[in-house]
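So the structure is just underneath, and the comments pick up after that.
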Amino acid sequence: MISQPVRNRSRGVAQVLMTQPVHDASGNIVYVINGQITLEKPNFLGDLAGLKFGKTGYVFITNTNGIVIDSPRKGRILKHVDAEGGHNEATTRAVAGFEGTTDAVNRLGVHALYAFKQTRQTNWIIGTHYPYNEAFADLRRVEQLTSMGALALSLLVGGLALLLLRRQLAPLGRLHEHMLATQAAARYVPLQAEYPPDELGDLARSFDLLMTERQSAREQLEASENYLREVLRHAGDAFVAIDGQARISEWNHQAEVIFGHSREQAMGQSLTELMVPAAMRPGCQAGMAEFLHSGVGPLVGKRREIDALHRDGHTIPVELSIAAMKVGDHFIAHAFLRCISERQAAEERIAASRKLLQDIADNMPSLVARLDSSMRYTFVNAHFQKAFPGRSFIGKAMQEVYDEAEFPIVEPWARKALSGERVTFEKQGGMHSSYSETRFEITYIPDWDADGRVRGFFSMSFDITERKRIENAIAANEAKLRGITDNLPALVAHLDADQRFTFVNGEVREWWGKEPASLIGHTMREMVGEMFYARVQPMLQRALAGERLELESQRTVDGALRDAHSIFAPEFDAEGAVVGVFVMTINITELKTAQRKLALQARVDSLTQLANRVAFNETMPLMLARSKRSGDALAVMYLDIDHFKAINDSLGHAAGDEVLCEFARRLEASVRTTDLVVRLAGDEFVVVLENLSGPEVASAVAQKIVVQVARPVFNVHDQPLSITTSIGIVFHSHTSPPTTPAELLARADGALYAAKAAGRNRFEFAA
């Protein structure tokens, strides 16, 4: 048999595989020779690959399917003759079965002569391509010479024609002589190295080609026989042959290794005495006699495991395969033997390993099973069988085991496992709806083979009935806890060690406008933003370190400023390690608002709503510090109302209060909103001016105040009053000596007395 051309998968080369049976004299097959030819090697068909007709003619080979087997262009091998485009009518006819010669134009537009011949043992077609112009080049030259000299040489045509004919036929004569000489030669020698570009040259080239191919085939056959001998000598299995007297006629190197006898020691020895244990020899000798006469026996044509005798006297297990061949009146045998000691030991280890795995699976606290790709059970452990007593599983399909109500539940998960996905799901009850209300957690794990294909899956089922009962109890307790915390007037939350929310009560809707579930798993930073988180992060870190802390903060909620009091309490586990933080936040907006009102009232004059002495004492040091830092000057004005005691005495304290309130309004209207206006007591007032460039600015403001107070007149109880004021001023710049608010006030008071002494309704600067 000769195969179709194929490409070797390991080396990627184009090859043709061949087998040749070898028969004995009776026509029985003795053995089969296998070989391969690499099509891309230049010695594939000897000199055929390099054969040329003329300058560009060549030989090629295809099969009857149009696949190129040999071509001068090795890149076309294993491709179709039309794979590169174009069409050649000659090759198409040859593939269809045509044999002989023809002419055609190939796909490149070259007009050529073609000859085709199909081989007998293969479906190969040997073809030759000879360009038309080259084939008839000599004839054309002859035609041209004859036409040009026809008239002048007409009398010599006969003689020249005879001479030309003898000259043209001379190569044919030499070829005939060469053929006769070849018959007696031991090795073929080509006719000549170069051939004339004509028909006789083509004939000589073809003859040399065919004879060279024959010589190459003979050499390849001899090489194959030598190769077969070497293969047997170096085979991995022991090879033993016996002749018609049951004596060893061949003994390779591996037989020497297995049985401990050299080839020289084994050749010619009795097979039974050399290899068969003594207890088995009587039966073996009888069987050998039967085999030598009939060619049959219990081991012929079969692969069996037997014990063979080793040189040191002990037996070794071997795997035996015998082939018989008749020679004359007797049969001879060829046997391959392989020592299987290691394999048997490995099988014992595998059996022990399987038992160990079975013991492990049987003692696992779960139901373990394996199903193949058709969802049939191939293994169940003891717990699985115990859970379903009286049932058989091995070999049964999952659909047979589960009832109609239960199988649709597990089938989609099984399909996912067979597609390569590991799946886990929970299921109520067993394989039948009538089973107890047991809750199972089932995991299907794909079983992959060495090639990465899923050949089945493992099933592991855990009884989680008690766990689900506990989980339900925990869920019920959590529901109670949430019911309690959701009705508390406080935001309650729990964060784990990574500052992720694990619990938030319903008050978060009021505080952050979020649903409690939307916070679970998120960090505090993600929920409150970077600005607020920067304030609470130190508190969280300290709480996670084991410290209980409290924090007051402000946040804008729904456009309104809200005050909050937060408590951070660490959560400790049984070993005393901090595993989280409890956070409780209470809305203290009303309390803080009341506190701010009280603080404001303590710093504001209740009659005039100006800052009072407390506010002055708190603010004045800050203003001095700003003046020193900025380098700008400030001025302190000490004012009172001229003859205010007379107004109180004549009109009453109510009228005096109205005068004080109007005086305060006129003061505020005369200065900037950033300046400080203070009522110290009675009719004594203070004005502090900041960011002054010089004393003249303070003079201008003081003059403005004097004018604003004096006119228009005050209207008190529908009675017009003329009110004036006197002002004492202290100007303080960054170059002035250090001072205190009390010193400045005292100096301004002295300047006030100077203004009163100078006639009132005026201002004076302190010296």
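The values are calculated or read from the model by the stated rules, or taken from the named source; none is laboratory data. Everything numeric here is computed off the predicted structure, so don't read it as measured data. Glycine gets a Cβ as well: all are built from the backbone with ideal geometry, and neighbour counts include every protein chain shown. Protein only, heavy atoms only, side chains kept; ligands, DNA and RNA dropped before computing areas. Shrake-Rupley method; radii C 1.70, N 1.55, O 1.52, S 1.80 Å.
How many residues are in a strand (DSSP E or B) and either more than 21 Å from residue 748 (Cα to Cα) or without any contact (Cβ under 8 Å) to a residue 24 or more places away in the chain (or both) if we restrict to the stretch 684-729?
Of the residues in the stretch 684-729, the ones in a strand (DSSP E or B) are 684-692, 714-716, 719-721, 725-729.
Then drop every residue that is not either more than 21 Å from residue 748 (Cα to Cα) or without any contact (Cβ under 8 Å) to a residue 24 or more places away in the chain (or both), which leaves 714-716, 719-721.
Final tally of qualifying residues: 6.
Candidates 596, 626: the one that is at pLDDT 90 or above and surrounded by fewer than 17 Cβ atoms within 10 Å (Cβ to Cβ) is 626.
How many residues are in contact (Cβ under 8 Å) with a residue 40 or more places away in the chain, hydrophobic (A, V, I, L, M, F, W, C) and part of a helix (DSSP H, G or I) if we restrict to the stretch 602-625?
Residues of the stretch 602-625 in contact (Cβ under 8 Å) with a residue 40 or more places away in the chain: 605, 607-613, 615-617, 619-621, 623-624.
Within this subset, residues satisfying the condition of being hydrophobic (A, V, I, L, M, F, W, C) are 607, 610-611, 615-616, 620, 623-624.
Subsequent filtering for residues that are part of a helix (DSSP H, G or I) retains 615-616, 620, 623-624.
Number of matching residues: 5.
Given the options 462, 458, name the one that is of a type outside the set (Gly, Ala, Ser), open to solvent by 50 Å² or more (accessible area, probe 1.4 Å), modelled with pLDDT of 90 or more and outside any loop (DSSP other than H, G, I, E, B). 458 is the lone residue from the list that is of a type outside the set (Gly, Ala, Ser), open to solvent by 50 Å² or more (accessible area, probe 1.4 Å), modelled with pLDDT of 90 or more and outside any loop (DSSP other than H, G, I, E, B). With respect to (1) farther than 26 Å from residue 507 by Cβ; (2) modelled with pLDDT of 90 or more, the lone exception for residue 572 is condition (1). Within the stretch 652-678, residues that are of a type in the set (Gly, Ala, Ser) sit with their Cβ atoms under 7 Å from residues that are open to solvent by 70 Å² or more (accessible area, probe 1.4 Å), at 6+ positions apart or across chains, in these pairs: 655/717; 669/708; 670/704; 670/708.
Within the bounds of the stretch 428-439, is there any residue that is open to solvent by 40 Å² or more (accessible area, probe 1.4 Å), outside any loop (DSSP other than H, G, I, E, B) and either closer than 27 Å to residue 466 by Cα or at pLDDT 90 or above (or both)? If you could, list the steps in order and put the result at the bottom.
Step one: filter the stretch 428-439 for residues open to solvent by 40 Å² or more (accessible area, probe 1.4 Å), giving 428, 432-437, 439.
Next cut, outside any loop (DSSP other than H, G, I, E, B) only: 428, 439.
Checking the rest, the ones that are also either closer than 27 Å to residue 466 by Cα or at pLDDT 90 or above (or both) come to 428, 439.
Yes, there is a match, as at least one residue in the stretch 428-439 is open to solvent by 40 Å² or more (accessible area, probe 1.4 Å), outside any loop (DSSP other than H, G, I, E, B) and either closer than 27 Å to residue 466 by Cα or at pLDDT 90 or above (or both).
Restricted to the stretch 6-98, the set of strands (runs of 3 or more DSSP E) holding at least 1 residues that are more than 30 Å from residue 231 (Cβ to Cβ), open to solvent by 20 Å² or more (accessible area, probe 1.4 Å) and at pLDDT below 85 comprises 58-63.
Looking across 746, 710, 742, 757, one residue alone is out of contact with any helix residue (DSSP H, G or I) (no Cβ under 8 Å at 6 or more places or on another chain) and either open to solvent by less than 40 Å² (accessible area, probe 1.4 Å) or closer than 19 Å to residue 651 by Cα (or both). It is 710. Of all residues in the stretch 636-647, at least one satisfies being more than 18 Å from residue 608 (Cα to Cα), β-branched (Val, Ile, Thr) and modelled with pLDDT of 95 or more.
Summed over the stretch 226-248, the residues that are crowded, with 18+ Cβ neighbours inside 10 Å and more than 50 Å from the chain's Cα centre (by Cα) give a count of 6.
As for the stretch 409-424, it holds no residue that is aromatic (Phe, Trp, Tyr) and either modelled with pLDDT under 90 or open to solvent by less than 30 Å² (accessible area, probe 1.4 Å) (or both).
If I ask for residues that are closer than 10 Å to residue 418 by Cα and part of a loop (DSSP other than H, G, I, E, B), which ones from the stretch 445-455 would you list? Explain how you work it out, then say what you get.
Taking the stretch 445-455 and keeping what is closer than 10 Å to residue 418 by Cα, we get 445-448, 453-455.
Of everything in the stretch 445-455, just one residue is closer than 10 Å to residue 418 by Cα and part of a loop (DSSP other than H, G, I, E, B), namely 453.
Which one of 526, 510, 515 is at pLDDT below 80 and open to solvent by 20 Å² or more (accessible area, probe 1.4 Å)? The match here is 510.
Would you say residue 130 is open to solvent by less than 20 Å² (accessible area, probe 1.4 Å), more than 52 Å from the chain's Cα centre (by Cα) and at pLDDT below 85?
Details: open to solvent by less than 20 Å² (accessible area, probe 1.4 Å): yes; more than 52 Å from the chain's Cα centre (by Cα): yes; at pLDDT below 85: yes.
Considered against the rule, which asks whether it is open to solvent by less than 20 Å² (accessible area, probe 1.4 Å), more than 52 Å from the chain's Cα centre (by Cα) and at pLDDT below 85, residue 130 comes out as yes.
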